Structures are given as structure tokens and as C-alpha cells.
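**Student:** Supplied in C-alpha cells, the structure appears directly below.
The values are calculated or read from the model by the stated rules, or taken from the named source; none is laboratory data. Just so it is clear, the structure is predicted and the values come from calculations on it, not from any experiment. A quick note on method: Cβ atoms are made from the backbone with ideal geometry, for glycine too, and the neighbour counts reach across all protein chains shown. Areas reflect the complete protein model, heavy atoms only, side chains present, ligands, DNA and RNA absent. Shrake-Rupley method; radii C 1.70, N 1.55, O 1.52, S 1.80 Å.
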Amino acid sequence: MPPRASFEVISAKGVLDCAPTEKCGSQLEIPALNALALRSLVFLFNEKGGLFSRSATLGQDGFHQEEVSPKQTIIALLGLHRLEESGESLPFDVSSMRDVVLGDTSWVRTVGDLGLLTWFTAECEPDRLKNLFNQFDFDSALDNYSDARKGHTRALAWFLAGIAHARLSSPQTLPDLTDAAVNTYRLLQDNQSESGIFGQATLSGFPSQAFCNRFGTFGDQIHSVYALTIFSRAFQIEEPLASALSCGNAIRALQGELGQWWSLYDKRACRVVNRYPVLSLHQDGTAPVGLLALGEATGQSFHESIYKGLLWIRGANELGKDLRSPDRGLIWDSIGLRRRTTNYWDAALSFMNISRRPQPGALKIRYEARPDHFGWLLYAFGRFGLPKAVASAKALTAG
């Protein structure tokens, strides 16, 4: 395995300022993107509930804000922790939010939820890991939760990532998690084809189950890439990196000309089935999280693909519109199709190896904002901090 560089040592030019000869375009200010993500989380914070709202959607009568979500809050807190590690102060009572999501874990209903909670605790509250392992039966989790029994890829990936982060955080004080980790890894492997692409689940038989077995979302791919990478690091096993790299290279080869990380993939044929919606969450959040970790572990650079995905957010997309809204302090959710039936035609044509680009009039922006989007963005880039001007302004305000 190549020497592992720290996150901070990754070339800033590779991520932030690709030279024109690398077909990456001009400079993109990551600290400014972090600042916008932070403003978005301020907007999504529900003071009454003490956590982040599940989403906020802009309609004709203004914004509709949904109820608070512990799961979305945990992802946001993971990103805020990365930003805090850069030396930035946060406009939230983070400690209070951590107490809430760890104090009442009734929202944990799946093995994916348990994995996410473990990941969060290991990174943000490692002293509470022992209590978590006393509260939940990790050895039987794969049997006790229905999403694990059905082999749901993202759920298994989160559980594997959670175990790996726990081992990295407190290897000497926690119970041996090797069996649970290896069993989860094997289930995850069962969902991956030789092409590198993951299906959504291991189910087979009925039409809907066969669909899940053959097709996987971008989230299934990138969360698996991250989980396999961190599992390899935590348990010092090289084999999972080959699976992660196979998937990473497959989705990079299928990335759109404008940097799009597409919606749905066929693991048998290693092709895109449905392209839309293209989620901002993937463009500037989960894709950088997974691919930066993979590149760090293998020495293979994914910087150009990451950068193209970021430029898509900035306006180098199908509609030529910047999805950042500085006046509202938000980044909009996605670009998708106006008519759902277009996706069915898209899928049908893909099986005939016919690709057609939708006209701009067939596409629309979804004016929604979600805290998990900004959590993953900050988890990828939070250590780059905020713009100096923002930091200076905050210092003056504090004074």
C-alpha cells in the first residue's frame, strides 16, 4: 500500500486551483464554499427543536421548513467538527446538539442509522463510544436490522464505516469488532459486480427485488468507496482497497462531460441508467468525501473529477445557472427532469445503447436545501477553513 498522506498534505492546487492544461478551469475558492455551507446550516437550524430541520423548500409563498431530523443533524455535526478542527469558531451550541442526538437514540431503527451514529460518536465524542457499545448489540446487528438482512448497500457501508472509525478512535478500549466488520464487508462485496459498480441490495426474485439487485444509486457507489477505504485503513487490510478503487474508477469513467455524478447505474453493464436528478449533495459533498479518501489511501489522484463536479455547482452545468445563492445563503438541491416519464425513456434508451441529451427546457432546479448536503461538503473541505475576510469579520464582531 502506498504511503498515506494526511488530508492537509493533499495538493491544494489539485483540488482548488487546477491549471487550465488539466482541463479543470479557473480557481474555485473552497473556503468561500465552506462559508456558504455554514450560512446554509444557520438557515436550517431550528431553534425550537435545537437541531437542524430535515429540509427547507422554496415555494410561491416562501420557504417551507420541515421538522427536525436527528440523522440529518448528525451528518451536519460531522462536517461542523471538521470545520472546527481548522480553528474556526461555530455559531452553534454544538455540545448541546451532540447531547440531544446521543441522549435519545430512539431514531436508530436500521443498521445504517447505527453505523452513522457510531461514525459520529467516534469522530466527535469518542469518550462516549463505550456507552454506545453497551447500549447496542453490534455482534447481532446484521441479523437484527431488516436493512442488513436485505443487504442494503448504503446501510452496510455506513455500518462498516462506523465500525472502522470506532476502531481508529479507540482501538485499545473497545470490544473486538473484527467479526462484525468482516461480515459486513463480505455482504457489501456480494453487491458489487466485476465492473466495480454496486447494486442497491442483494435482494432477488420479485421484479422490484431484482431491480435493487442490478441497479445502484450514486450514493450506493460513493458510500461504499469511502467505507471500504476506511475499513482498509482501520484493519490494515489491502484487499478492500481494490474493490474501492474498482468502483471509484468505474464512476469516474461514467462521469458526465460537465462533471455530473449521475443518479442510477447498471452494475451488469457498467453504464448509466438514469442521469437525473443530479444532486448538489454528490457534486460538492459525498463524491469529494469518498474520492479524496480513496486517493489518499492509494496515491491515485481524483482531483480533476472532483473539480469538475464543483464547477457544475458554480454554473458549468446543463442550465448554465449557478446553484449557489449567496443572497439567500444557500446552495440549491439539484437539477432534475420536469417530467418523471422522461426518466423511463432515458432508462429504456440506455438498454439500446442510445444516449440523448435532454433539452434545457426539460430540466429544472429544485429549490430545496438539506443539512446533510452541507454536512458532507464540510466533511470533505472543512479543514480548509473559512475565507480570511469572514474570519476577520467574526473576530471584529467578537471584539
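**Student:** What is the percent carbon and sulfur in the accessible area of region 50-184, measuring with a 1.4 Å probe over the protein chains and ignoring ligands?
**Tutor:** Working: 2380 of 5830 Å².
Using a 1.4 Å probe with all protein chains present, region 50-184 comes out at 41 percent carbon and sulfur.
**Student:** Pull up all non-local amide H partners of residue 279: gap of 5 or more, or a different chain, and H-to-H distance under 5 Å with H placed in the peptide plane.
**Tutor:** Residues meeting the amide H criterion: none.
**Student:** So for the pair residue 137, residue 325, with labels modelled 7 Å out along Cα→Cβ, what separation do we get in nm?
**Tutor:** 4.7
**Student:** Moving on. What does the charge count near residue 81 come to, summing +1 for each Lys or Arg and -1 for each Asp or Glu among other residues with Cβ under 12 Å from its Cβ? Don't skip to the end; give the middle numbers.
**Tutor:** Values: positive: 82, 98, 383; negative: 84, 85, 88, 123, 125.
Within the 12 Å Cβ shell, the charges total -2.
**Student:** Within 12 Å, Cβ to Cβ, of residue 191, how many net charges do the neighbouring residues add up to if Lys/Arg are +1 and Asp/Glu are -1?
**Tutor:** On the way: positive: 150, 154, 186, 214, 267; negative: 190, 220.
It works out to a net charge of +3.
**Student:** Given a Förster radius of 22 Å and the C-beta distance between residue 100 and residue 170 as r, what FRET efficiency does 1/(1 + (r/R0)^6) yield to the nearest 0.05?
**Tutor:** On the way: r = 23 Å, r/R0 = 1.03.
Plugging the Cβ-Cβ distance into 1/(1 + (r/R0)^6) gives 0.45.
**Student:** Calculate, for region 213-274, the solvent-accessible area per residue in square angstrom, rolling a 1.4 angstrom probe over the heavy atoms of the protein chains.
**Tutor:** Values: 1950 Å² over 62 residues.
Per residue, region 213-274 has 31 Å² of solvent-accessible surface.
**Student:** If packing is taken as the average number of other Cβ atoms within 10 Å across a peptide's residues, how do 74-85, 190-201, 104-115, 277-288 rank, most packed first? Before the final figure, lay out each step's value.
**Tutor:** Numbers: 74-85: 23.7, 190-201: 21.8, 104-115: 18.8, 277-288: 25.9.
Going by the mean number of other Cβ atoms within 10 Å, highest first, we get 277-288, 74-85, 190-201, 104-115.
**Student:** Taking the solvent-accessible surface of protein heavy atoms with a 1.4 Å probe, what is the per residue accessible area of region 44-131 in Å²?
**Tutor:** Working: 3920 Å² over 88 residues.
Result: 45 Å² of accessible area for each residue.
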